[in-house]
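The values are calculated or read from the model by the stated rules, or taken from the named source; none is laboratory data. Because the structure is a prediction, the values reported are computed rather than measured. Cβ placement follows ideal geometry from the backbone for every residue including glycine, while neighbour counts extend to all protein chains displayed.
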Amino acid sequence: MESRYAIIKSFSQVKKLVKACLKTGIASIDYETNAEGIYNKTFRPTILSVTFQVGSGVSIPLCHHEYDNPHWKKWLLYFGRKVVENPKVTKVGWNLKFDLQIFELYGIYVRGTVLDGMLMKYLLNEERPNDLKSMVRRYLPEHGDYEKADKFDKIPWDKKPLEQLCKYGCQDTDYTLRLSMFFENKLIEIGMYPLLRHLIMPASRVLQHAEKTGLYLDRKFNQELLESYKPKIDQATSGCLNLPIVKRFSRWLIQERISKYISSIERELEDLDYSDPKDARKIASREQKISNIRAGVFTTKKELELTRDINLGSPVDLPMLLYSEKGFKFPIIKYTKDKTTNRDTDKPSTDEDTLVELRLSIKNPESPKAIFLDNLLKLRGLKKMYTTYIEGWHDKVQDDSKLHGRFLIHGTTSGRLSSQEPNLQQIPKTSVDPNIKKQLVAPDGKLYMALDYSQAELRIMAHLSGDETYLEAFAKGQDPHLAIAAKKYGVSYEEAYKAYSDEQHPDHNLWKNRRKQAKQICFGIIYGIQKKLLAVKLSDPKAGIIVTPDGAQQQLNEFFYEHPKIKKFMIHQEKVLIKHGYIKSLFGRKRRLPQVYSDNEQEAAYAVRLSVNMPCQSAASDMNLFASVLNYWKMRQGKLPFMQETCNVHDATYYLVRPEYINTWVVHEIWETCRNPNTKEYFNFQIDDVNMSMDFVIGRSMAEELPFIPGYDYRKMLKPDFNPDEYLEEHRKYRGIEIEDYPKLYPEEIARNKMEFEKRIYER
């Protein structure tokens, strides 16, 4: 091993390491662990590597077969107490959130400044890979001796050669420190350091604790869903495969596979010499194989695969069934896109939007084409639910009966969070299937409390564009989509709302559809929707509404005519993008879009659409993230009841709360923090022309989304005889009362709640 890197094998050396870290005021840290989830009983950290100055590094063996260290917990606690919990020492890492979670397993809680090289790199250039090796090759090319631990990939981490593993770990911490210093200077240089300091790094801490808290999974109910979904999937599959045309196609496809396989064997025979005795056995074997296959005798797994029916999930089989002469002969309306270039490929699309568009083109619901597409769409929905949220969660739950999904700040180019293992960012709405969220239950003695920004992206667009209709609707607390529809058809908002909200009104369905169309156009603009897809979104075959692509484009044109400031905003964004090559959000986040300079029209148009989408989507997500940070620090400081953030889903945040802490003062305090986060102080902007409204719901599971009732004793919600319908009936008298009105309407209650909480804090 190189002299600059060393292995620590005594407590005295640990003490020397601590002194060195305290002297330099910095510690770059990295764990290597076994592959188990960190909240499983079998989890063990393998080594801890630390760098306190560039060019050095030490590794502490913890649980490794070559060095049986019975004192590893003592060493780890000593280092953690002296360095990790020392506010004077800056902690550096690559994906540091993971390493800090491991420290917390052993009661070590980070204090002071933390810097994550991966997140700094992400802010600088989100398009490139996030792994450390790629960054070393790009920014530190002189260090070409980076130890490749993957040459021992098949060996568990705690079984890899200790010396090689320690060198690998020390290089990780050494190069992480070098890169972090470089990235930090670059962020300061381009003015993005406030974003890192005030949002990204604090948010990483908040998400770290959300991951630790996790989501409780009702394993019994999960098992019931596993069993109930299988017959539904089988039924939808049968609905597709049992159609005569699909059966005929499947038989043809099998024959095609067999013919191609026989042809491949015959080509092999052509290369063999019939006069050569050495080839005689090969020739006889292949001729016998051809004879067996033609007779319907299949002896190997590969041969048996030839006889399988059509695979409805296959990217090869399904396009053939949909578009070929032997299948349904659908017209090709869309091609798949290359993920790197966003250009069309030569492969016809089979995505959901395409299938929906094909289905809308069929007028007879009893035709084989309609029946097939209906069942295929149903099958896809069921399989997604099953594999992702039922079977997927079943496989990912850890020993503590929780899902500890990873929330990734760096996971998207838009700035929105993503999630892995499992994905908790795409949990379907209760309206899609309430059973999915019913699996996620609050632990004994606690409730879920969710704060969800209402139409955040639309409000951001209204703020950025200055459109009067939207601004007025949000200022008055109106439904913006209904307000847009009312303006379009020349009626008052009150009249439109009366028809829309009353199911018995003769024009109820009319205004329901008008609102839907306004909504699709509004969000279509934000997400850069094209006229073909917009036509699909605007159509409703059940209501007899079919919109053509040209009709959709006409509605877009009418919308822009009525809302010129939104069109002006879009033109402005395009000009900024062309001038700079990137778009900037309110929080200072940059999205580079070099595709705008492409000769390919599709690529350039894609970049232009993103120039409108990114500022709205990114700012809405960052607003929610920043509010989470502020609420977290209020909790840590004792200004809010002790809550545990458990999940962050784009515009919503879920907390676990004890019912005795849920009161009018708390709700208003949290709501104020989220509605008016102090963005002016930290990011030099303030949204004061749009009310950043929030929905506030409570429940025993994530599916039970009950509105807040002032003065309600939420301990009742934990009782077995709690009735949600009675609760909603009690809530009726509070309809129309906004949270911002609470201080005026419930001053005594708010004062009492605040005093009681402060008393609890004092007694603690």
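Going through Gly80, Gly117, Gly107 one at a time, which residue ends up being closer than 18 Å to Arg205 by Cα and surrounded by fewer than 17 Cβ atoms within 10 Å (Cβ to Cβ)?
Going through Gly80, Gly117, Gly107 in turn, the sole match is Gly107.
Can you tell me which residue among Ile687, Ile698 is assigned to a strand (DSSP E or B), among the aliphatic types (A, V, I, L, M) and crowded, with 19+ Cβ neighbours inside 10 Å?
Ile698
Taking the range 588-628 as the region of interest, how many residues are assigned to a helix (DSSP H, G or I), out of contact with any Leu (no Cβ under 7 Å at 6 or more places or on another chain) and over 28 Å from Thr336 (Cβ atoms)?
Matching residues across the range 588-628 total 5.
Quick one: would you say Phe474 is within 19 Å of Ala620 (Cβ to Cβ), among the aromatic types (Phe, Trp, Tyr), buried (at least 22 other Cβ atoms within 10 Å of the Cβ) and not assigned by TED's automatic domain parsing to the domain that holds Ser349?
yes
Hey, Lys567 hits all of (1) assigned to a strand (DSSP E or B); (2) over 29 Å from the mean Cα position of the chain (by Cα) but one; which does it fall short on?
Failing condition for Lys567: (1).
Tally time: how many residues in the range 309-319 are surrounded by 13 or more Cβ atoms within 10 Å (Cβ to Cβ) and touching a residue at least 40 places away in the same chain (Cβ under 8 Å)?
4
Does the range 357-366 contain at least one residue that is among the basic types (Lys, Arg), more than 19 Å from Gly313 (Cβ to Cβ) and in contact with a Phe, Trp or Tyr (Cβ under 7 Å, 6 or more places away or on another chain)?
So far as the range 357-366 goes, no, none of its residues is among the basic types (Lys, Arg), more than 19 Å from Gly313 (Cβ to Cβ) and in contact with a Phe, Trp or Tyr (Cβ under 7 Å, 6 or more places away or on another chain).
So in the range 267-282, with the set limited to residues that are out of contact with any helix residue (DSSP H, G or I) (no Cβ under 7 Å at 6 or more places or on another chain) and either modelled with pLDDT of 90 or more or surrounded by fewer than 13 Cβ atoms within 10 Å (Cβ to Cβ) (or both), which one is nearest to Gly313 (Cα to Cα)? Before the answer, list the steps.
If we filter the range 267-282 for residues that are out of contact with any helix residue (DSSP H, G or I) (no Cβ under 7 Å at 6 or more places or on another chain), which is where we start, we get 267, 270-271, 275-282.
From what is left, the residues that are either modelled with pLDDT of 90 or more or surrounded by fewer than 13 Cβ atoms within 10 Å (Cβ to Cβ) (or both) are 267, 270-271, 275-278, 281.
Values: Arg267: 31, Glu270: 36, Asp271: 37, Ser275: 47, Asp276: 46, Pro277: 46, Lys278: 44, Arg281: 40 Å.
Once the filter is applied, the top-ranked residue is Arg267.
Any residue in the range 734-752 that is part of a loop (DSSP other than H, G, I, E, B), modelled with pLDDT under 90 and acidic (Asp, Glu)? Working first, answer last.
Initially, the range 734-752 is screened for residues part of a loop (DSSP other than H, G, I, E, B), giving 735-738, 746.
Subsequent filtering for residues that are modelled with pLDDT under 90 retains 735-738.
With the extra rule that they be acidic (Asp, Glu), the set shrinks to 738.
Yes, the range 734-752 contains a residue that is part of a loop (DSSP other than H, G, I, E, B), modelled with pLDDT under 90 and acidic (Asp, Glu).
Considering the range 629-659 alone, what residues qualify as being at pLDDT below 90, farther than 17 Å from Arg675 by Cβ and outside any helix (DSSP H, G or I)?
Scanning the range 629-659 gives Gln637, Gly638, Pro641, Phe642, Met643, Gln644, Glu645, Thr646, Cys647, Asn648, Val649, His650.
Within the range 593-613, is even one residue of a type in the set (Lys, Arg), surrounded by fewer than 17 Cβ atoms within 10 Å (Cβ to Cβ) and in contact (Cβ under 8 Å) with a residue 24 or more places away in the chain?
no
Does at least one position in the range 53-75 carry a residue that is assigned by TED's automatic domain parsing to the domain that holds Leu177, in contact with a strand residue (DSSP E or B) (Cβ under 8 Å, 6 or more places away or on another chain), surrounded by 22 or more Cβ atoms within 10 Å (Cβ to Cβ) and closer than 30 Å to Trp633 by Cβ?
Within the range 53-75, none of the residues are assigned by TED's automatic domain parsing to the domain that holds Leu177, in contact with a strand residue (DSSP E or B) (Cβ under 8 Å, 6 or more places away or on another chain), surrounded by 22 or more Cβ atoms within 10 Å (Cβ to Cβ) and closer than 30 Å to Trp633 by Cβ.
For Leu322, only one of the following conditions fails: (1) without any contact (Cβ under 8 Å) to a residue 60 or more places away in the chain; (2) in a loop (DSSP other than H, G, I, E, B); (3) under 40 Å from the mean Cα position of the chain (by Cα). What is its number?
So the condition that Leu322 fails would be (2).
Quick one: in the range 377-411, which of the residues that are free of Cβ contacts under 8 Å to residues at least 24 places away in the same chain and under 29 Å from Met118 (Cα atoms) is surrounded by the fewest Cβ atoms within 10 Å (Cβ to Cβ)?
Per the criteria, the residue is Asp395.
Do the conditions hold for Ile29, that is, is it under 35 Å from the mean Cα position of the chain (by Cα) and more than 21 Å from Lys160 (Cβ to Cβ)?
It is false that Ile29 is under 35 Å from the mean Cα position of the chain (by Cα) and more than 21 Å from Lys160 (Cβ to Cβ).
Have a look at Leu217, Leu177, Leu165, Leu207 and point out the one that is in contact with a strand residue (DSSP E or B) (Cβ under 7 Å, 6 or more places away or on another chain), assigned by TED's automatic domain parsing to the domain that holds Gly107, under 30 Å from Arg44 (Cα atoms) and modelled with pLDDT of 90 or more.
Sole residue among the options that is in contact with a strand residue (DSSP E or B) (Cβ under 7 Å, 6 or more places away or on another chain), assigned by TED's automatic domain parsing to the domain that holds Gly107, under 30 Å from Arg44 (Cα atoms) and modelled with pLDDT of 90 or more: Leu177.
Return the only residue of Asp234, Asp174 being assigned to a helix (DSSP H, G or I) and either surrounded by fewer than 16 Cβ atoms within 10 Å (Cβ to Cβ) or on the phi > 0 side of the Ramachandran plot (or both).
Residue meeting the stated conditions: Asp234.
Considering only the range 459-493, state which residues are under 22 Å from Glu738 (Cα atoms) and polar (S, T, N, Q).
Scanning the range 459-493 gives Thr469, Gln478.
What number of residues within the range 325-335 satisfy the criterion of being crowded, with 16+ Cβ neighbours inside 10 Å and within 28 Å of the chain's Cα centre (by Cα)?
Matching residues across the range 325-335 total 1.
Could you list all residues from the range 580-591 that are within 21 Å of Gly466 (Cβ to Cβ) and among the basic types (Lys, Arg)?
Lys584
Could you say which residue among Lys247, Lys337, Lys326 is more than 20 Å from Ala370 (Cβ to Cβ) and not acidic (Asp, Glu)? Let's see the steps before the verdict.
Numbers: Lys247 fails: more than 20 Å from Ala370 (Cβ to Cβ); Lys326 fails: more than 20 Å from Ala370 (Cβ to Cβ).
The conditions single out Lys337.
Of all residues in the range 12-62, how many are assigned to a helix (DSSP H, G or I) and either of a type outside the set (Ser, Thr, Tyr) or free of Cβ contacts under 8 Å to residues at least 12 places away in the same chain (or both)?
Residues that pass the stated criteria total 12.
Which one of the conditions (1) of a type outside the set (S, T, N, Q); (2) assigned to a helix (DSSP H, G or I); (3) under 28 Å from Met385 (Cβ atoms) does Arg514 fail to meet, given that it meets all the rest?
(3)
Quickly run through the range 336-360 and pick out the residues that are hydroxyl-bearing (Ser, Thr, Tyr), assigned to a loop (DSSP other than H, G, I, E, B) and loosely packed, with under 14 Cβ neighbours inside 10 Å.
Narrowing the range 336-360 to residues hydroxyl-bearing (Ser, Thr, Tyr): 336, 340-341, 345, 349-350, 354.
Subset that is assigned to a loop (DSSP other than H, G, I, E, B): 340-341, 349-350.
Answer for the range 336-360, where residues must be hydroxyl-bearing (Ser, Thr, Tyr), assigned to a loop (DSSP other than H, G, I, E, B) and loosely packed, with under 14 Cβ neighbours inside 10 Å: just Thr340.
Yes or no: Glu227 among the acidic types (Asp, Glu), assigned to a helix (DSSP H, G or I), out of contact with any Ser or Thr (no Cβ under 6 Å at 6 or more places or on another chain) and touching a residue at least 24 places away in the same chain (Cβ under 8 Å)?
No, not satisfied.
Do the conditions hold for Gly581, that is, is it on the phi > 0 side of the Ramachandran plot, surrounded by fewer than 21 Cβ atoms within 10 Å (Cβ to Cβ) and at pLDDT 90 or above?
Yes: the conditions hold for Gly581.
Within the range 283-308, track down each residue that is surrounded by 15 or more Cβ atoms within 10 Å (Cβ to Cβ) and outside any helix (DSSP H, G or I).
Hits for the range 283-308 are Phe298, Leu306.
So how many residues does the range 362-376 have that are surrounded by fewer than 16 Cβ atoms within 10 Å (Cβ to Cβ) and not acidic (Asp, Glu)? Show your work before the answer.
Pass one, the range 362-376, residues surrounded by fewer than 16 Cβ atoms within 10 Å (Cβ to Cβ): 363-368.
Checking the rest, the ones that are also not acidic (Asp, Glu) come to 363-365, 367-368.
The total comes to 5.
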